[in-house]
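First comes the structure, then the notes that go with it.
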Amino acid sequence: MSWAVEIDKVSFAYDVEPVLVNASLRVGVGEFVGLFGPNGGGKTTLTRLILGLLQPQSGSVRIFGQPPAGMRHKIGYVPQFSTASFNIPITVFEAVLTGQVNRRALPLGFGRHWSRRGEGAGRAREALRMVGLADCAERQVSELSGGQKQRVLIARALASDPEILLLDEPTASIDPQGKFCFYEFLAGLSRADFENAANSASGRGPMTIIMVSHDISLTTGPLTSIATVNREIISAPGNTPNREMLEILYGTHPQSCPFDHFIKHIPHSRADQCEECAHCSPPSDSAGSGREGWL
Amino acid sequence: MQPDVIDLGTVLSMPFMQNALLAGLLASVACGVVGTLVAANRMLFLAGGVAHTAYGGVGLALFLGLPVLPLTLAFSVAAALLMSVLSLRSKTNNEILIGVLWAVGMATGIVLIDLTPGYRADLGTYLFGNILAVSDNDILLMLALDGLVLTLTAAGFQSLLAFTFDRDFAASRGLPTNFLHHLLVVLAAVCVVMLIRVVGLLLVMALFTLPPAVAARHAGTFRGVMLLAVLASGFFCVTGLILAAIFDLAAGAMIILVASTVFAVSLLWAKLNNLRALPKKR
(Lines give C-alpha, C1' and ligand atoms only; values in the text may rest on other atoms or scores of the structure.)
Protein backbone atom coordinates (compact mmCIF):
# COMPACT_ATOMS: atom_id res chain seq x y z
CA MET A 1 0.00 0.00 0.00
CA SER A 2 1.24 3.49 -0.73
CA TRP A 3 1.06 5.91 2.14
CA ALA A 4 -0.66 9.28 2.04
CA VAL A 5 0.57 10.21 5.49
CA GLU A 6 3.42 8.65 7.46
CA ILE A 7 4.06 9.85 11.00
CA ASP A 8 7.13 8.10 12.31
CA LYS A 9 8.11 8.22 16.01
CA VAL A 10 7.19 11.87 16.32
CA SER A 11 7.72 13.74 19.58
CA PHE A 12 6.58 17.30 20.08
CA ALA A 13 6.39 19.78 22.96
CA TYR A 14 5.33 23.43 22.94
CA ASP A 15 7.11 23.97 26.25
CA VAL A 16 8.59 21.40 28.54
CA GLU A 17 5.52 19.19 28.81
CA PRO A 18 5.46 16.85 25.80
CA VAL A 19 2.26 16.82 23.76
CA LEU A 20 3.22 13.84 21.60
CA VAL A 21 5.77 11.17 22.50
CA ASN A 22 7.02 8.66 19.96
CA ALA A 23 3.75 8.84 18.06
CA SER A 24 3.47 6.84 14.84
CA LEU A 25 0.63 6.54 12.37
CA ARG A 26 0.41 5.51 8.77
CA VAL A 27 -2.54 6.35 6.57
CA GLY A 28 -2.87 4.58 3.25
CA VAL A 29 -4.10 6.30 0.09
CA GLY A 30 -7.90 6.23 -0.01
CA GLU A 31 -8.35 5.43 3.66
CA PHE A 32 -10.95 7.12 5.82
CA VAL A 33 -9.32 7.44 9.22
CA GLY A 34 -10.95 8.63 12.43
CA LEU A 35 -8.48 10.14 14.86
CA PHE A 36 -9.96 10.36 18.34
CA GLY A 37 -8.67 11.50 21.65
CA PRO A 38 -9.44 13.49 24.76
CA ASN A 39 -9.22 17.28 24.72
CA GLY A 40 -5.60 18.27 25.14
CA GLY A 41 -4.46 14.86 23.93
CA GLY A 42 -2.55 16.27 20.95
CA LYS A 43 -5.10 15.99 18.14
CA THR A 44 -4.80 19.53 16.87
CA THR A 45 -1.02 19.41 17.30
CA LEU A 46 -1.03 16.34 15.10
CA THR A 47 -3.01 18.13 12.38
CA ARG A 48 -0.55 21.04 12.54
CA LEU A 49 2.36 18.62 12.16
CA ILE A 50 0.67 17.03 9.15
CA LEU A 51 0.19 20.50 7.62
CA GLY A 52 3.83 21.36 8.28
CA LEU A 53 2.84 24.33 10.48
CA LEU A 54 4.81 22.74 13.33
CA GLN A 55 8.06 20.79 13.12
CA PRO A 56 8.51 17.65 15.22
CA GLN A 57 11.36 17.75 17.74
CA SER A 58 12.19 14.19 16.80
CA GLY A 59 10.83 11.72 14.28
CA SER A 60 9.44 12.62 10.88
CA VAL A 61 6.22 13.44 9.06
CA ARG A 62 5.89 12.57 5.38
CA ILE A 63 3.05 13.38 2.98
CA PHE A 64 3.17 11.10 -0.06
CA GLY A 65 6.78 10.49 0.93
CA GLN A 66 7.70 14.20 1.00
CA PRO A 67 8.17 16.74 3.82
CA PRO A 68 4.82 18.43 4.55
CA ALA A 69 5.88 22.03 3.81
CA GLY A 70 6.01 21.36 0.07
CA MET A 71 2.84 19.27 0.00
CA ARG A 72 0.32 21.76 1.39
CA HIS A 73 -1.39 22.07 -1.97
CA LYS A 74 -2.35 18.40 -1.76
CA ILE A 75 -4.11 18.79 1.58
CA GLY A 76 -7.58 20.27 1.97
CA TYR A 77 -7.73 21.43 5.56
CA VAL A 78 -11.03 21.96 7.38
CA PRO A 79 -10.04 23.72 10.60
CA GLN A 80 -12.12 23.87 13.74
CA PHE A 81 -15.39 25.68 13.13
CA SER A 82 -14.56 28.48 15.55
CA THR A 83 -11.47 29.69 13.66
CA ALA A 84 -13.43 31.28 10.80
CA SER A 85 -14.96 34.77 11.01
CA PHE A 86 -18.41 34.02 9.63
CA ASN A 87 -19.68 37.50 10.40
CA ILE A 88 -17.46 39.39 7.95
CA PRO A 89 -19.11 40.51 4.70
CA ILE A 90 -18.29 37.65 2.35
CA THR A 91 -20.41 35.59 -0.02
CA VAL A 92 -20.44 31.80 0.08
CA PHE A 93 -18.77 31.68 -3.33
CA GLU A 94 -15.98 34.06 -2.27
CA ALA A 95 -15.40 32.08 0.92
CA VAL A 96 -15.02 28.89 -1.11
CA LEU A 97 -12.69 30.64 -3.58
CA THR A 98 -10.31 31.42 -0.70
CA GLY A 99 -9.63 27.67 -0.70
CA GLN A 100 -7.44 28.26 -3.74
CA VAL A 101 -5.04 30.49 -1.91
CA ASN A 102 -1.49 29.25 -2.16
CA ARG A 103 1.88 30.82 -1.67
CA ARG A 104 2.92 30.31 -5.27
CA ALA A 105 1.22 33.47 -6.54
CA LEU A 106 3.89 35.95 -5.47
CA PRO A 107 6.08 36.28 -2.41
CA LEU A 108 4.50 37.53 0.84
CA GLY A 109 0.98 36.72 -0.29
CA PHE A 110 0.76 39.42 -2.96
CA GLY A 111 -0.77 38.58 -6.30
CA ARG A 112 -3.90 36.79 -7.43
CA HIS A 113 -4.76 33.28 -6.37
CA TRP A 114 -8.01 32.88 -8.29
CA SER A 115 -10.24 34.61 -10.79
CA ARG A 116 -14.03 34.58 -10.73
CA ARG A 117 -14.20 33.28 -14.29
CA GLY A 118 -11.20 30.99 -14.54
CA GLU A 119 -10.73 27.30 -14.01
CA GLY A 120 -10.54 27.84 -10.26
CA ALA A 121 -14.02 29.32 -10.18
CA GLY A 122 -15.32 26.20 -11.91
CA ARG A 123 -13.74 24.05 -9.22
CA ALA A 124 -15.25 26.24 -6.52
CA ARG A 125 -18.73 25.80 -8.06
CA GLU A 126 -18.16 22.06 -8.30
CA ALA A 127 -17.15 21.99 -4.62
CA LEU A 128 -20.31 23.89 -3.68
CA ARG A 129 -22.36 21.40 -5.66
CA MET A 130 -20.68 18.48 -3.89
CA VAL A 131 -21.64 19.83 -0.47
CA GLY A 132 -25.15 20.73 -1.65
CA LEU A 133 -24.80 24.50 -1.44
CA ALA A 134 -24.86 25.33 -5.16
CA ASP A 135 -28.00 27.45 -4.71
CA CYS A 136 -26.44 29.49 -1.89
CA ALA A 137 -23.37 30.70 -3.81
CA GLU A 138 -24.27 34.39 -3.77
CA ARG A 139 -25.69 34.48 -0.22
CA GLN A 140 -23.81 35.95 2.71
CA VAL A 141 -21.99 33.34 4.80
CA SER A 142 -23.36 35.03 7.92
CA GLU A 143 -26.93 34.16 6.88
CA LEU A 144 -26.32 30.41 6.79
CA SER A 145 -27.12 27.88 9.52
CA GLY A 146 -24.34 26.27 11.54
CA GLY A 147 -24.42 23.07 9.49
CA GLN A 148 -24.35 25.03 6.23
CA LYS A 149 -21.37 27.07 7.45
CA GLN A 150 -19.57 23.82 8.21
CA ARG A 151 -20.26 22.68 4.65
CA VAL A 152 -18.84 25.96 3.33
CA LEU A 153 -15.59 25.12 5.11
CA ILE A 154 -15.57 21.67 3.53
CA ALA A 155 -16.30 23.13 0.08
CA ARG A 156 -13.43 25.56 0.61
CA ALA A 157 -11.10 22.64 1.31
CA LEU A 158 -12.42 20.77 -1.75
CA ALA A 159 -11.98 23.82 -3.99
CA SER A 160 -8.24 23.23 -4.10
CA ASP A 161 -8.82 19.73 -5.51
CA PRO A 162 -7.00 18.05 -2.60
CA GLU A 163 -5.78 14.47 -2.41
CA ILE A 164 -6.06 14.46 1.37
CA LEU A 165 -8.97 15.95 3.29
CA LEU A 166 -7.99 16.79 6.87
CA LEU A 167 -10.86 17.73 9.16
CA ASP A 168 -10.44 19.02 12.73
CA GLU A 169 -13.57 18.47 14.88
CA PRO A 170 -15.91 18.76 11.88
CA THR A 171 -19.05 17.79 13.79
CA ALA A 172 -18.79 20.26 16.67
CA SER A 173 -21.52 22.41 15.13
CA ILE A 174 -23.75 19.58 13.89
CA ASP A 175 -26.51 18.06 16.02
CA PRO A 176 -26.37 14.34 16.88
CA GLN A 177 -28.87 13.25 14.21
CA GLY A 178 -26.99 15.17 11.55
CA LYS A 179 -23.66 13.60 12.43
CA PHE A 180 -24.43 10.27 10.84
CA CYS A 181 -25.56 11.90 7.61
CA PHE A 182 -22.44 14.01 7.66
CA TYR A 183 -20.36 10.92 8.07
CA GLU A 184 -21.95 9.16 5.14
CA PHE A 185 -21.52 12.37 3.18
CA LEU A 186 -17.76 12.34 3.81
CA ALA A 187 -17.51 8.71 2.81
CA GLY A 188 -19.47 9.59 -0.33
CA LEU A 189 -16.92 12.29 -1.16
CA SER A 190 -14.22 9.70 -1.01
CA ARG A 191 -16.09 7.38 -3.34
CA ALA A 192 -17.11 10.12 -5.78
CA ASP A 193 -13.54 11.26 -6.05
CA PHE A 194 -12.43 7.70 -6.64
CA GLU A 195 -14.91 7.26 -9.47
CA ASN A 196 -13.85 10.55 -11.06
CA ALA A 197 -10.22 9.62 -10.80
CA ALA A 198 -10.86 6.21 -12.34
CA ASN A 199 -12.81 7.77 -15.21
CA SER A 200 -10.42 10.59 -15.95
CA ALA A 201 -7.38 8.30 -15.88
CA SER A 202 -5.50 11.12 -14.19
CA GLY A 203 -3.47 8.57 -12.32
CA ARG A 204 -4.63 9.97 -8.99
CA GLY A 205 -5.67 7.65 -6.24
CA PRO A 206 -8.89 8.05 -4.29
CA MET A 207 -9.19 10.88 -1.77
CA THR A 208 -7.78 10.12 1.64
CA ILE A 209 -9.80 11.48 4.56
CA ILE A 210 -8.42 12.06 8.04
CA MET A 211 -10.97 13.23 10.56
CA VAL A 212 -10.01 14.41 14.03
CA SER A 213 -12.64 14.36 16.76
CA HIS A 214 -13.18 13.89 20.46
CA ASP A 215 -16.61 12.49 19.70
CA ILE A 216 -16.37 8.74 19.45
CA SER A 217 -20.05 8.32 18.63
CA LEU A 218 -18.78 8.76 15.09
CA THR A 219 -16.99 5.47 15.11
CA THR A 220 -19.97 3.61 13.80
CA GLY A 221 -19.76 4.15 10.11
CA PRO A 222 -17.64 3.79 7.08
CA LEU A 223 -14.24 4.41 8.66
CA THR A 224 -11.53 2.17 7.30
CA SER A 225 -9.47 2.53 10.46
CA ILE A 226 -9.45 4.40 13.72
CA ALA A 227 -6.72 5.71 15.95
CA THR A 228 -6.60 7.39 19.33
CA VAL A 229 -4.22 10.14 20.29
CA ASN A 230 -3.21 10.87 23.84
CA ARG A 231 0.50 11.70 23.82
CA GLU A 232 0.93 8.52 21.81
CA ILE A 233 -1.10 7.03 18.99
CA ILE A 234 -2.84 3.68 19.04
CA SER A 235 -4.31 2.62 15.72
CA ALA A 236 -6.26 -0.35 14.48
CA PRO A 237 -8.06 -1.25 11.26
CA GLY A 238 -11.84 -1.38 11.24
CA ASN A 239 -14.36 1.02 12.65
CA THR A 240 -14.58 -0.15 16.26
CA PRO A 241 -12.33 1.05 19.03
CA ASN A 242 -10.52 -1.60 21.05
CA ARG A 243 -10.18 -1.54 24.78
CA GLU A 244 -6.96 0.48 24.95
CA MET A 245 -8.65 3.11 22.82
CA LEU A 246 -11.72 3.24 25.01
CA GLU A 247 -9.54 3.54 28.10
CA ILE A 248 -7.78 6.48 26.51
CA LEU A 249 -11.03 8.11 25.51
CA TYR A 250 -13.10 7.44 28.58
CA GLY A 251 -10.44 6.84 31.21
CA THR A 252 -10.35 3.95 33.65
CA HIS A 253 -13.30 3.84 35.98
CA PRO A 254 -13.79 2.46 39.49
CA GLN A 255 -15.32 -0.99 39.65
CA SER A 256 -18.59 0.39 40.93
CA CYS A 257 -19.05 2.40 37.76
CA PRO A 258 -21.11 0.66 35.05
CA PHE A 259 -18.67 1.90 32.47
CA ASP A 260 -15.91 -0.13 34.08
CA HIS A 261 -18.05 -3.21 33.58
CA PHE A 262 -18.62 -2.28 29.95
CA ILE A 263 -14.96 -1.65 29.21
CA LYS A 264 -13.85 -4.84 30.99
CA HIS A 265 -15.95 -6.82 28.55
CA ILE A 266 -14.11 -5.49 25.57
CA PRO A 267 -10.94 -7.46 25.00
CA HIS A 268 -7.58 -5.79 24.56
CA SER A 269 -6.32 -5.82 21.01
CA ARG A 270 -3.74 -8.41 21.99
CA ALA A 271 -5.99 -10.42 24.27
CA ASP A 272 -3.87 -13.55 23.93
CA GLN A 273 -1.10 -11.80 25.83
CA CYS A 274 -3.35 -10.36 28.53
CA GLU A 275 -4.19 -12.40 31.59
CA GLU A 276 -7.15 -10.25 32.47
CA CYS A 277 -8.80 -10.70 29.10
CA ALA A 278 -8.41 -14.43 29.26
CA HIS A 279 -10.64 -14.41 32.35
CA CYS A 280 -13.29 -11.92 31.55
CA SER A 281 -14.09 -12.27 27.88
CA PRO A 282 -13.44 -14.51 24.96
CA PRO A 283 -10.55 -13.35 22.78
CA SER A 284 -11.69 -12.00 19.47
CA ASP A 285 -9.98 -12.96 16.25
CA SER A 286 -9.03 -9.43 15.36
CA ALA A 287 -9.68 -6.20 17.13
CA GLY A 288 -12.58 -4.23 15.89
CA SER A 289 -14.11 -6.76 13.54
CA GLY A 290 -17.67 -7.94 13.80
CA ARG A 291 -18.95 -5.48 16.37
CA GLU A 292 -20.96 -3.13 14.28
CA GLY A 293 -22.81 -0.52 16.25
CA TRP A 294 -21.08 -1.10 19.54
CA LEU A 295 -22.85 1.77 21.26
CA MET B 1 -26.95 87.34 17.34
CA GLN B 2 -24.51 84.74 16.04
CA PRO B 3 -21.25 86.50 15.33
CA ASP B 4 -19.30 83.26 14.85
CA VAL B 5 -21.50 81.83 12.12
CA ILE B 6 -20.11 82.20 8.60
CA ASP B 7 -21.87 81.22 5.37
CA LEU B 8 -20.82 78.26 3.23
CA GLY B 9 -19.38 80.31 0.36
CA THR B 10 -17.03 82.15 2.70
CA VAL B 11 -15.99 78.86 4.29
CA LEU B 12 -15.08 77.24 0.98
CA SER B 13 -13.14 80.28 -0.16
CA MET B 14 -10.82 80.17 2.86
CA PRO B 15 -7.39 79.01 1.64
CA PHE B 16 -6.73 76.65 4.57
CA MET B 17 -10.14 75.07 4.09
CA GLN B 18 -9.24 73.63 0.69
CA ASN B 19 -6.22 71.87 2.13
CA ALA B 20 -8.28 70.69 5.08
CA LEU B 21 -10.98 69.20 2.84
CA LEU B 22 -8.36 67.58 0.63
CA ALA B 23 -6.65 66.11 3.71
CA GLY B 24 -9.98 64.75 4.95
CA LEU B 25 -10.69 63.07 1.62
CA LEU B 26 -7.17 61.65 1.27
CA ALA B 27 -7.25 60.27 4.82
CA SER B 28 -10.68 58.78 4.14
CA VAL B 29 -9.35 56.69 1.26
CA ALA B 30 -6.76 54.96 3.45
CA CYS B 31 -8.97 54.76 6.53
CA GLY B 32 -11.97 53.27 4.77
CA VAL B 33 -9.82 50.50 3.32
CA VAL B 34 -7.61 49.80 6.33
CA GLY B 35 -10.36 50.43 8.92
CA THR B 36 -12.51 47.74 7.27
CA LEU B 37 -9.63 45.24 7.46
CA VAL B 38 -8.70 46.21 11.03
CA ALA B 39 -12.29 45.98 12.27
CA ALA B 40 -12.96 42.65 10.53
CA ASN B 41 -9.76 41.21 12.02
CA ARG B 42 -10.68 42.42 15.50
CA MET B 43 -7.49 44.40 15.77
CA LEU B 44 -9.07 47.60 17.07
CA PHE B 45 -7.30 47.52 20.43
CA LEU B 46 -4.00 47.07 18.61
CA ALA B 47 -4.89 49.98 16.31
CA GLY B 48 -5.79 52.09 19.34
CA GLY B 49 -2.40 51.33 20.84
CA VAL B 50 -0.67 52.32 17.61
CA ALA B 51 -2.69 55.56 17.40
CA HIS B 52 -1.80 56.71 20.89
CA THR B 53 1.82 55.62 20.77
CA ALA B 54 2.17 57.89 17.73
CA TYR B 55 2.12 60.79 20.19
CA GLY B 56 5.64 59.74 21.20
CA GLY B 57 6.66 60.37 17.59
CA VAL B 58 5.03 63.82 17.63
CA GLY B 59 6.95 64.69 20.82
CA LEU B 60 10.20 63.42 19.37
CA ALA B 61 9.75 65.44 16.16
CA LEU B 62 9.03 68.66 18.08
CA PHE B 63 11.92 68.03 20.48
CA LEU B 64 14.37 67.45 17.63
CA GLY B 65 12.89 70.24 15.54
CA LEU B 66 12.19 67.91 12.60
CA PRO B 67 9.12 67.79 10.30
CA VAL B 68 6.32 66.27 12.40
CA LEU B 69 4.44 64.01 10.00
CA PRO B 70 7.42 62.18 8.40
CA LEU B 71 9.09 61.54 11.75
CA THR B 72 5.81 60.49 13.38
CA LEU B 73 5.30 58.11 10.46
CA ALA B 74 8.68 56.45 11.04
CA PHE B 75 8.10 56.31 14.81
CA SER B 76 4.58 54.89 14.45
CA VAL B 77 5.60 52.23 11.97
CA ALA B 78 8.39 51.09 14.31
CA ALA B 79 6.04 51.08 17.32
CA ALA B 80 3.40 49.27 15.25
CA LEU B 81 5.86 46.53 14.31
CA LEU B 82 6.86 46.09 17.96
CA MET B 83 3.23 45.84 19.09
CA SER B 84 2.37 43.56 16.20
CA VAL B 85 5.15 41.15 17.09
CA LEU B 86 4.12 41.21 20.76
CA SER B 87 0.47 40.65 19.87
CA LEU B 88 1.31 37.36 18.12
CA ARG B 89 3.10 35.94 21.14
CA SER B 90 0.51 33.72 22.73
CA LYS B 91 2.46 32.98 25.89
CA THR B 92 2.16 36.47 27.30
CA ASN B 93 -0.94 38.47 27.96
CA ASN B 94 -0.44 40.60 24.89
CA GLU B 95 -3.25 43.04 25.66
CA ILE B 96 -1.37 44.12 28.77
CA LEU B 97 1.82 44.71 26.78
CA ILE B 98 -0.06 46.72 24.17
CA GLY B 99 -1.73 48.73 26.92
CA VAL B 100 1.67 49.46 28.46
CA LEU B 101 3.16 50.61 25.14
CA TRP B 102 0.02 52.68 24.53
CA ALA B 103 0.61 54.60 27.76
CA VAL B 104 4.40 54.77 27.50
CA GLY B 105 4.20 56.20 23.97
CA MET B 106 1.88 58.99 25.07
CA ALA B 107 3.85 59.73 28.25
CA THR B 108 7.10 59.95 26.28
CA GLY B 109 5.50 62.38 23.87
CA ILE B 110 4.23 64.63 26.67
CA VAL B 111 7.62 64.69 28.43
CA LEU B 112 9.48 65.41 25.19
CA ILE B 113 7.16 68.32 24.43
CA ASP B 114 7.70 69.64 27.99
CA LEU B 115 11.44 69.46 27.38
CA THR B 116 11.20 71.24 24.03
CA PRO B 117 12.65 74.74 24.53
CA GLY B 118 10.29 77.54 23.63
CA TYR B 119 7.45 75.26 22.51
CA ARG B 120 4.14 76.65 23.66
CA ALA B 121 1.54 75.20 21.30
CA ASP B 122 -1.11 73.24 23.09
CA LEU B 123 -1.35 69.46 22.95
CA GLY B 124 -4.79 69.70 21.43
CA THR B 125 -3.24 70.42 18.03
CA TYR B 126 -2.18 66.80 17.71
CA LEU B 127 -4.66 65.13 20.02
CA PHE B 128 -7.75 66.60 18.37
CA GLY B 129 -6.42 67.68 14.98
CA ASN B 130 -5.86 71.13 13.58
CA ILE B 131 -7.15 71.76 10.10
CA LEU B 132 -5.36 75.10 9.98
CA ALA B 133 -2.06 73.23 10.09
CA VAL B 134 -2.39 71.18 6.88
CA SER B 135 0.53 72.24 4.68
CA ASP B 136 1.03 71.52 1.01
CA ASN B 137 3.82 69.11 1.98
CA ASP B 138 1.39 67.26 4.25
CA ILE B 139 -0.96 66.86 1.29
CA LEU B 140 1.85 65.42 -0.84
CA LEU B 141 2.82 62.99 1.93
CA MET B 142 -0.81 61.89 2.31
CA LEU B 143 -1.11 61.39 -1.43
CA ALA B 144 1.96 59.16 -1.42
CA LEU B 145 0.68 57.20 1.60
CA ASP B 146 -2.69 56.67 -0.10
CA GLY B 147 -0.84 55.30 -3.10
CA LEU B 148 1.11 52.94 -0.87
CA VAL B 149 -1.95 51.73 1.05
CA LEU B 150 -4.02 51.18 -2.10
CA THR B 151 -1.20 49.39 -3.94
CA LEU B 152 -0.50 47.02 -1.05
CA THR B 153 -4.14 46.22 -0.30
CA ALA B 154 -5.02 45.77 -3.97
CA ALA B 155 -2.03 43.52 -4.64
CA GLY B 156 -2.68 41.46 -1.52
CA PHE B 157 -6.48 41.61 -1.58
CA GLN B 158 -7.17 37.93 -2.11
CA SER B 159 -4.65 36.91 0.53
CA LEU B 160 -6.03 39.48 2.95
CA LEU B 161 -9.57 38.21 2.33
CA ALA B 162 -8.56 34.60 2.97
CA PHE B 163 -6.59 35.72 6.04
CA THR B 164 -9.48 37.78 7.41
CA PHE B 165 -12.02 35.01 6.89
CA ASP B 166 -9.90 32.27 8.45
CA ARG B 167 -6.32 32.74 9.61
CA ASP B 168 -5.75 29.07 10.45
CA PHE B 169 -6.84 27.96 7.03
CA ALA B 170 -4.77 30.64 5.28
CA ALA B 171 -1.72 29.39 7.18
CA SER B 172 -2.48 25.82 6.12
CA ARG B 173 -2.30 26.94 2.47
CA GLY B 174 1.15 28.40 3.05
CA LEU B 175 0.12 32.06 3.28
CA PRO B 176 2.53 34.13 5.43
CA THR B 177 -0.12 34.97 8.03
CA ASN B 178 2.34 36.61 10.44
CA PHE B 179 3.49 38.93 7.69
CA LEU B 180 -0.10 39.83 6.82
CA HIS B 181 -0.80 40.55 10.49
CA HIS B 182 2.20 42.88 10.67
CA LEU B 183 1.21 44.47 7.36
CA LEU B 184 -2.24 45.37 8.69
CA VAL B 185 -0.84 46.91 11.88
CA VAL B 186 1.70 48.94 9.87
CA LEU B 187 -1.05 50.10 7.50
CA ALA B 188 -3.04 51.15 10.57
CA ALA B 189 -0.02 53.20 11.69
CA VAL B 190 0.08 54.88 8.26
CA CYS B 191 -3.60 55.80 8.60
CA VAL B 192 -3.02 57.20 12.07
CA VAL B 193 -0.40 59.59 10.74
CA MET B 194 -2.72 60.69 7.93
CA LEU B 195 -5.48 61.40 10.44
CA ILE B 196 -3.37 63.41 12.90
CA ARG B 197 -4.13 66.68 11.13
CA VAL B 198 -7.75 65.91 10.39
CA VAL B 199 -9.26 64.40 13.55
CA GLY B 200 -6.19 64.04 15.78
CA LEU B 201 -4.77 61.03 17.56
CA LEU B 202 -7.54 60.61 20.13
CA LEU B 203 -10.30 60.47 17.54
CA VAL B 204 -8.56 58.12 15.09
CA MET B 205 -10.48 55.18 16.51
CA ALA B 206 -13.77 56.76 15.46
CA LEU B 207 -12.75 56.89 11.80
CA PHE B 208 -11.48 53.29 11.99
CA THR B 209 -14.80 52.04 13.32
CA LEU B 210 -17.70 54.26 12.20
CA PRO B 211 -17.27 54.23 8.38
CA PRO B 212 -16.86 50.42 8.18
CA ALA B 213 -19.72 49.98 10.64
CA VAL B 214 -22.04 52.10 8.48
CA ALA B 215 -20.75 50.48 5.27
CA ALA B 216 -21.14 46.91 6.53
CA ARG B 217 -24.88 47.50 6.88
CA HIS B 218 -25.25 48.35 3.21
CA ALA B 219 -22.73 46.28 1.24
CA GLY B 220 -22.51 42.52 0.74
CA THR B 221 -18.93 41.98 -0.31
CA PHE B 222 -15.69 42.90 1.39
CA ARG B 223 -14.69 45.06 -1.55
CA GLY B 224 -18.07 46.79 -1.41
CA VAL B 225 -17.73 47.53 2.30
CA MET B 226 -14.28 49.03 1.71
CA LEU B 227 -15.54 51.26 -1.11
CA LEU B 228 -18.59 52.36 0.85
CA ALA B 229 -16.48 52.99 3.96
CA VAL B 230 -14.21 55.28 1.91
CA LEU B 231 -17.23 57.19 0.60
CA ALA B 232 -18.84 57.38 4.04
CA SER B 233 -15.61 58.56 5.65
CA GLY B 234 -15.17 61.20 2.94
CA PHE B 235 -18.74 62.40 3.50
CA PHE B 236 -18.23 62.57 7.28
CA CYS B 237 -14.98 64.52 6.91
CA VAL B 238 -16.32 67.06 4.41
CA THR B 239 -19.61 67.60 6.27
CA GLY B 240 -17.88 67.76 9.66
CA LEU B 241 -15.23 70.22 8.46
CA ILE B 242 -17.78 72.55 6.86
CA LEU B 243 -20.04 72.50 9.93
CA ALA B 244 -17.01 73.12 12.15
CA ALA B 245 -15.96 76.13 10.08
CA ILE B 246 -19.48 77.57 9.89
CA PHE B 247 -20.11 77.30 13.64
CA ASP B 248 -16.48 77.75 14.70
CA LEU B 249 -16.27 74.40 16.49
CA ALA B 250 -13.52 71.77 16.77
CA ALA B 251 -13.25 70.06 13.37
CA GLY B 252 -12.23 66.58 14.56
CA ALA B 253 -15.07 66.45 17.06
CA MET B 254 -17.62 67.64 14.47
CA ILE B 255 -16.49 64.94 12.02
CA ILE B 256 -17.02 62.28 14.67
CA LEU B 257 -20.42 63.68 15.65
CA VAL B 258 -21.58 63.66 12.04
CA ALA B 259 -20.31 60.07 11.64
CA SER B 260 -21.95 58.80 14.81
CA THR B 261 -25.23 60.54 13.96
CA VAL B 262 -25.31 58.84 10.57
CA PHE B 263 -24.48 55.52 12.22
CA ALA B 264 -27.25 55.95 14.79
CA VAL B 265 -29.77 56.88 12.08
CA SER B 266 -28.78 53.85 9.99
CA LEU B 267 -29.21 51.59 13.04
CA LEU B 268 -32.62 53.08 13.81
CA TRP B 269 -33.67 52.80 10.17
CA ALA B 270 -32.76 49.09 10.14
CA LYS B 271 -34.65 48.52 13.39
CA LEU B 272 -37.75 50.27 12.02
CA ASN B 273 -37.58 48.20 8.84
CA ASN B 274 -37.32 45.02 10.89
CA LEU B 275 -40.36 46.01 12.93
CA ARG B 276 -42.32 46.77 9.79
CA ALA B 277 -41.35 43.44 8.26
CA LEU B 278 -42.66 41.50 11.28
CA PRO B 279 -46.09 39.94 10.85
CA LYS B 280 -48.77 41.94 12.64
CA LYS B 281 -50.12 40.49 15.86
CA ARG B 282 -53.74 39.47 15.78
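The values are calculated or read from the model by the stated rules, or taken from the named source; none is laboratory data. The structure presented is a predicted model; accordingly, all values stated were derived computationally and were not measured. Cβ atoms come from the backbone with ideal geometry, glycine included; neighbour counts cover every protein chain shown. Keep in mind that these areas ignore ligands, DNA and RNA; they rest on the heavy atoms of the full protein, side chains included. Shrake-Rupley method; radii C 1.70, N 1.55, O 1.52, S 1.80 Å.
Values as computed for the structure displayed
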{"quantity": "Environment charge of B:TRP269, counting only residues whose C-beta is closer than 13 Å and scoring Lys/Arg +1, Asp/Glu -1", "calculated": "+3"}
{"quantity": "Chain B - mean residue ellipticity at 222 nm from DSSP helices (-39,500 (n - 2.57) per run, n ≥ 4, rounded to 500)", "calculated": "-26000 deg cm²/dmol"}
{"quantity": "Set of region B:141-160 residues, backbone N closer than 18 Å to the point 7 Å along the Cα-Cβ line of B:LEU227", "calculated": "B:150-151, B:153-158"}
{"quantity": "DSSP-loop chymotrypsin sites (Phe, Trp or Tyr not before Pro) across region A:1-95, with at most 11 other Cβ within 10 angstrom", "calculated": "A:TYR14"}
{"quantity": "Exposure ranking of A:ILE154, B:ILE6 by accessible area [1.4 Å probe, largest first]", "calculated": "B:ILE6, A:ILE154"}
{"quantity": "Amide hydrogen neighbours beyond the local backbone of A:GLY76, cut-off 5 Å, H modeled", "calculated": "A:GLU163, A:ILE164, A:LEU165, A:LEU166"}
{"quantity": "Area of A:GLU232 that stays accessible when all protein chains are in place (1.4 Å probe, Å², to 10)", "calculated": "100 Å²"}
